[in-house]
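**Student:** The structure is given below, and queries will be raised subsequently.
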Amino acid sequence: MKIVIHTLEQINGVEIYPIISLIIFFVFFIIIGIQVFTADKEYIDEMKNMPLDGNDDFEENFDNQLNNKNL
């Protein structure tokens, strides 16, 4: 650990990197929070129920892609 501390002490301006990373984290967290709270409730319900819909669009698209590759 002494090697790391000694190496970091030799870098000019190294103390700014933790501050920058903390600011980036909080900005990202705030943006995601705003997006979650302003999201359309119908869209959230649609995404929530998507695995349970029983819609076979994925299987149809996959079969079509397989058939097109065989041509």
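**Student:** Output the number of the condition that Phe29 fails; it satisfies all remaining conditions of (1) over 18 Å from the mean Cα position of the chain (by Cα); (2) at pLDDT 90 or above.
**Tutor:** The single condition Phe29 does not satisfy is (1).
**Student:** So, one more: Among the residues of the stretch 38-71, write down those that are at pLDDT 75 or above, charged (D, E, K, R) and part of a loop (DSSP other than H, G, I, E, B).
**Tutor:** Asp40
The values are calculated or read from the model by the stated rules, or taken from the named source; none is laboratory data. Keep in mind it's a predicted model, so treat the numbers as computed, not measured.
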